[in-house]
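The values are calculated or read from the model by the stated rules, or taken from the named source; none is laboratory data. Remember, it's a predicted structure, so these values are computed and weren't measured experimentally. All Cβ positions, glycine included, derive from the backbone under ideal geometry; neighbour counts span all protein chains shown. We work out accessible area using only protein heavy atoms, side chains counted, and drop any ligands, DNA or RNA first. Shrake-Rupley method; radii C 1.70, N 1.55, O 1.52, S 1.80 Å.
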Amino acid sequence: FHEPGLAALLARHTASGRLRFTTAYEEAGAFGQVHFVCVGTPQRRDCDGADLSCVESAFAGIARHARKGALLVGKSTVPVGTAARLADEHAVEIAWNPEFLREGFAVEDTLRPDRLVFGVRTGRAERLLRQVHEPVLAAGTPLVVTDFATAELVKTAANSFLATKISFINAMAEVCEAAGGDVRKLAEALGCDDRIGRAFLRAGVGFGGGCLPKDIRAFAHRAAELGVDLGFLHAVDAINMRRRDRVVGLARGLCGGTVLGVRVAVLGAAFKPDSDDVRDSPALNVAARLDLDGADVTVYDPEAMDNARKAFPLLGYALSVEEALRGAELVLLLTEWPQFRELDPGRAARLVSRLRIVDGRGVLDATRWTAAGWRFRALGGPPPDEGEGG
């Protein structure tokens, strides 16, 4: 997978001999004093809850072979109560140290995190975790030492808050479209309030990836099991999903009500820039829906092409931005890679056959693109002009 800076770190530390890999629990158990379990927790197929099979398998495997005094540390995003249950099931000491890594910034977030959280039951577990993280703590990184349940909740609560903030501004985009407002100016004004802040206040096609969507669903599911109603997270999820509907609607509107037979260039496949992750990608979801509507869709992404082809083999793919744009009758910008944000509207105009674009990420200068002759649409922007579909 693509993660900036990771390849260089792997090469350096494997060459030094300090980093090596094994698939044998026996070897890992004999070697390690502190074991970090960092496996995935995807959504279950039968409900919104988290699938803990990988977590349970990893803990069971290392617990069977861990040497005396070993500490097993969970980093996976799990339903609250998981750590306590695992501690009861295995005769080893357990702690929980949730990760807060952003795809595209994972190396930076590991070496210079904005906080550390240790969920522990003993002073010994805290001391071991402090030893492991000594360079990070010496740099002044804030540390919260707490119980298992709170440590588990920190990650799920953080992801739920971020998802809520994204869906809030996207809901405001819907209001702006209905009322004739400008969501970019609204977000700018809201962001000036220190209690709200500017981060995650950009309206667009919404969030995707392997974390936020499944994490908010799993959190609401677990809360319901505990008798707590987090129904607002279902609304957050629904707002997010209908942003994809809105992008499809804008595309149809620009094409006179139908995309049947229209050559569409989709710029972006990864769910976010600096990643090749296409899990629950809004860009590919929109591309696939337009393809089902009869459009001739071509997708380009700087890093996610191989993964996109595996997930959506029936879509068309280009080897460059220029190839994707050539002859297109409609352009959709759906992942905010720098090379897409920096597209020159005049140069792009010479490649396409119709000057129509949907900015699904709110990153283009509408004035600049319309001045170059483009019919321009963005989520939460002003209402369409007359003569739609030209």
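Collect the residues in segment 15-25 that are loosely packed, with under 12 Cβ neighbours inside 10 Å and in a helix (DSSP H, G or I), keeping them in residue-number order.
Matches in segment 15-25: 15, 16.
Pull out all pairs, ordered by first then second residue, where Cβ-Cβ is under 6 Å, the residues are six or more apart or on different chains, the first lies in segment 1-22 and is in contact (Cβ under 8 Å) with a residue 60 or more places away in the chain, and the second is among the aliphatic types (A, V, I, L, M).
Filtered contacts from segment 1-22: 3/106; 5/107; 6/107.
Taking the condition farther than 25 Å from residue 78 by Cβ, at pLDDT 95 or above and open to solvent by 60 Å² or more (accessible area, probe 1.4 Å), does residue 239 pass?
no
Which number in (1) within 25 Å of residue 219 (Cβ to Cβ); (2) open to solvent by 40 Å² or more (accessible area, probe 1.4 Å); (3) over 28 Å from the mean Cα position of the chain (by Cα); (4) β-branched (Val, Ile, Thr) marks the one condition that residue 154 misses?
That leaves (3) as the condition not met.
Please name all residue pairs, on different chains or six or more residues apart, with Cβ atoms under 6 Å, provided the first residue is in segment 60-88 and is closer than 27 Å to residue 159 by Cβ and in contact (Cβ under 8 Å) with a residue 60 or more places away in the chain and the second residue is aromatic (Phe, Trp, Tyr) and surrounded by 22 or more Cβ atoms within 10 Å (Cβ to Cβ).
From residues that are closer than 27 Å to residue 159 by Cβ and in contact (Cβ under 8 Å) with a residue 60 or more places away in the chain, the pairs are 83/96; 83/148; 84/148.
Does any residue in segment 161-180 that is closer than 8 Å to residue 380 by Cα come within less than 8 Å, Cβ to Cβ, of a residue that is open to solvent by 50 Å² or more (accessible area, probe 1.4 Å) and of a type in the set (Lys, Arg) six or more places away or on a different chain, and which pairs are these?
Pairs found: 174/246.
Among the residues in segment 35-55, are any open to solvent by 30 Å² or more (accessible area, probe 1.4 Å), closer than 17 Å to residue 156 by Cα and not in a loop (DSSP other than H, G, I, E, B)?
Checking segment 35-55: at least one residue is open to solvent by 30 Å² or more (accessible area, probe 1.4 Å), closer than 17 Å to residue 156 by Cα and not in a loop (DSSP other than H, G, I, E, B).
Among the listed residues 161, 219, which satisfies the condition of being open to solvent by 60 Å² or more (accessible area, probe 1.4 Å) and of a type in the set (A, V, I, L, M, F, W, C)?
161
Of (1) more than 15 Å from residue 222 (Cα to Cα); (2) at pLDDT 95 or above, residue 50 satisfies all except one. Which?
(1) is the only condition that residue 50 fails.
Within the bounds of segment 107-122, is there any residue that is farther than 20 Å from residue 137 by Cα and buried (at least 17 other Cβ atoms within 10 Å of the Cβ)?
no
Going through 245, 237, 229 one at a time, which residue ends up being more than 23 Å from residue 4 (Cβ to Cβ) and more than 24 Å from the chain's Cα centre (by Cα)?
229
Return yes or no: is residue 103 of a type outside the set (A, V, I, L, M), open to solvent by 40 Å² or more (accessible area, probe 1.4 Å) and not in a loop (DSSP other than H, G, I, E, B)?
no
Here are the criteria: (1) closer than 25 Å to residue 233 by Cα; (2) among the basic types (Lys, Arg); (3) touching a helix residue (DSSP H, G or I) at 6+ places or on another chain (Cβ under 9 Å). Tell me which single one residue 195 does not satisfy.
So the condition that residue 195 fails would be (3).
Give segment 242-267 a look and list any residue that's open to solvent by 10 Å² or more (accessible area, probe 1.4 Å) and either without any contact (Cβ under 8 Å) to a residue 24 or more places away in the chain or of a type in the set (A, V, I, L, M) (or both), or say none.
242, 245, 249, 250, 260, 262, listed by residue number.
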